[in-house]
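Below: one structure, written as C-alpha cells.
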Amino acid sequence: MDKKFIDKMERVLSAQKKEIVSALLADREEYKEIAGGLERPKDPVDYASDDIDRNLLEALGSAELKRLKGIDSAISRIKQGKYGNCIKCGQPIPKSRLEAMPSALMCIDCKSAEERKTR
C-alpha cells in the first residue's frame, strides 16, 4: 500500500480518535449533570427517566470506547507497517473498504466468514 494513502488514513484515524475523545468527555459532563440531578426525584417516573438516561449514556460510552480501541489498533498497525493487511489471511484489504472503515482488521471475505460463524 502506498505511503500517501497510509498517511491519509492515519490523519483520518487521528481525527476520528479526537472526535470520539471529545464526545466521551462531553458525555461524561452530561452524565455528571444527570447524576447531580438525581438527589431528589419527585416520583417513580423521574427515577425511571433518570435510569434510562444513565443507561443510555453508559451504552454510548461503551460503544465509543470499543470504536476508540479499534482506531488505536489501526494506528498501531500503521506504525508497525501492517496496516491494510487482513489479520486472518494476510491479503491486502481493498482501499475502498479502508476508506469506508479505516479501522478494518479483515478483508470482506474473512469478515463475512467470521460473521457467518457467529450467527
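The values are calculated or read from the model by the stated rules, or taken from the named source; none is laboratory data. Quantities reported herein were computed from a predicted structural model and do not represent experimental measurements. Cβ placement follows ideal geometry from the backbone for every residue including glycine, while neighbour counts extend to all protein chains displayed.
Which of the residues spanning the range 93-110 are outside any loop (DSSP other than H, G, I, E, B) and either surrounded by 13 or more Cβ atoms within 10 Å (Cβ to Cβ) or on the phi > 0 side of the Ramachandran plot (or both)? Reasoning before the result, please.
Here is the first cut: in the range 93-110, the ones outside any loop (DSSP other than H, G, I, E, B) are 95-100, 108-110.
Within the range 93-110, Lys95, Arg97, Leu98, Glu99, Ile108, Cys110 meet the criteria.
Kindly list the number of the only condition in (1) assigned to a helix (DSSP H, G or I); (2) surrounded by 13 or more Cβ atoms within 10 Å (Cβ to Cβ); (3) modelled with pLDDT of 95 or more that fails for Arg11.
Answer for Arg11: the failing condition is (2).
Return a yes/no flag: does the range 104-113 have any residue that is under 14 Å from Val12 (Cα atoms) and modelled with pLDDT of 95 or more.
The first filter runs over the range 104-113 and keeps only residues under 14 Å from Val12 (Cα atoms), leaving 104.
Going one step further and asking which of them are modelled with pLDDT of 95 or more, we end up with 104.
The answer is yes; a qualifying residue exists.
Go through (1) at pLDDT 95 or above; (2) in contact with a helix residue (DSSP H, G or I) (Cβ under 7 Å, 6 or more places away or on another chain) and name the single condition Leu38 misses.
Among (1) at pLDDT 95 or above; (2) in contact with a helix residue (DSSP H, G or I) (Cβ under 7 Å, 6 or more places away or on another chain), Leu38 violates only (1).
Which one of Asp72, Asp50, Asp27 is at negative phi, of a type outside the set (Val, Ile, Thr), surrounded by 12 or more Cβ atoms within 10 Å (Cβ to Cβ) and at pLDDT below 60?
Asp50
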